[in-house]
1. Working from Cα positions, state the angle (0 to 90°, nearest 10) between the long axis of helix 50-59 and the longest principal axis of the chain.
2. Out of 218, 94, 205, whose Cα points farthest toward the positive end of the dipole of the stretch 85-218 (charges: +1 Lys, Arg; -1 Asp, Glu; placed on Cβ)?
3. List the relative contact order of the chain as a percent without decimals, with contacts defined as Cα pairs under 8 Å and 6+ residues apart.
4. For the stretch 253-365, what is the largest minus smallest coordinate of the Cα atoms on each principal axis, given in angstrom and ordered from greatest to least?
5. Name the residue from 282, 303, 250 whose Cα lies farthest towards the positive end of the charge dipole of the stretch 239-340, charges +1 on Cβ of Lys and Arg and -1 on Cβ of Asp and Glu.
6. DSSP loop GluC sites (Glu not before Pro) in the stretch 221-313 with at most 13 other Cβ atoms within 10 Å of their Cβ, which ones?
7. Below 17 Å, Cα to Cα, which lysines can residue 235 reach? Residues fewer than 8 away in the same chain don't count.
8. Specify the angular offset, from 0 to 90 degrees and rounded to the nearest 10, of the alpha carbon long axis of helix 283-298 from the longest principal axis of the alpha carbons in the chain.
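The values are calculated or read from the model by the stated rules, or taken from the named source; none is laboratory data. The structure displayed is predicted, hence computed values, not measured ones. Don't worry about glycine lacking a Cβ; one is built from the backbone with ideal geometry, like all the others, and counts go over all protein chains shown. Remember, those area values only see protein heavy atoms, side chains included, never the ligands or the DNA or RNA. Shrake-Rupley method; radii C 1.70, N 1.55, O 1.52, S 1.80 Å.
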Amino acid sequence: MSDVSATRDRIDDADTGGPAAKMTPEEIAAHTQTLVGFHYTVDDYYEIGREEVRKHAMAVQDAHPTHWSEEGARAFGHQTLIAAPTYVSVLGIIAQRRLFEDVITGYDMWQIMQTDQRLVYHQPMKVGDRLICDVSLESFRHVSSPEMIDLMVTKNVIWNQHDEPVMTTWTSLAARPGMDVDPDLEASLDHVMMKIDAVGEPGHTVEPQTGRYGLPDPTQSPGAFGAIDFDTLEKGQELPAKRYLLTRGNLSNYAGVAGDPNPIHFSDHVIQAAGMDDVVAHGMQTMGLGASFISEFIGDPAAFCEYNVRFTSPVYVPANDSAAVDFTGKVKSLDPETRRGTIAITAKQGDRRIFGRAQAVIQFN
């Protein structure tokens, strides 16, 4: 059976209440294990709009001119506005939701936590790109003790309308299948989750290129564009420290921009029912702040070659105050042959580190 046929069979099962509709945690794990190596292509392209680039840049507090004006972008060697380094989260959440609704069934999205994110850049995302996303499940592990948890890694290979690779991403997730949901929490979720009477059908605009699934991962890397001169840097050099403030307004704005309706980011009602300390910032929102911090130092956000973050602790945002996230960083390594460097950053809320490991590889001039 082809990848396309298998995907459509899985979608039919999910839509009609077929064999994948209701399973025990063990059955969910056994079935998900069989999907390791499974690929599918999101059946509608995502077109990057000018205002969407600006909205995302505002959501991650990035004022770099390349995200805001054509004149500013051209000054750095770009033909049009380019998206901030973590703009992929907007596309990624669409692909991820489709993956868990149509293929890897049995998990509720609010029970899934992102633990690691790796972004490999092939070229900057820009206004006018029509992005096509190939999705796969790279690995899966079921852990039953001391608590039941499923660990998995998904991969997205993103292409533009010219069949050029744009970005490859790996997302590590931890899911808790079969949780016994407290009735109060279940009621809370029903009261605050987004209600939609009807959703339009976007149509099928992309046909999968199944031969592409077996190809090696793309290796193309972006240029330096307007990044600073490699020769001005020293190993161990520190980046100017910066503090970002997050309020409930920031969280609500980011949720809207990213299309993420998870109530743990905005609802005290759900937080109390779930026994959590407070509402939390999105992981990709804090990763986006880190990218904005790095971009300000390197000169051009299009010079990112790779960006990796391990999420170790959430940022709690109170109802009556701002949450301060403090970033520091330094040049970890420099390679004179490639004129690339690695920047390591630290992010803290008070004394608590929110990233376990965070670093970016940059192509300097």
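1. Result, in degrees: 90.
2. Going by the Cα projections, it comes out as 218.
3. Across the chain, relative contact order equals 19 percent.
4. Largest first, the stretch 253-365 extends 55, 30, 21 Å along its Cα principal axes.
5. 303
6. 234
7. 330, 332
8. That helix lies at roughly 10 degrees to the long axis.
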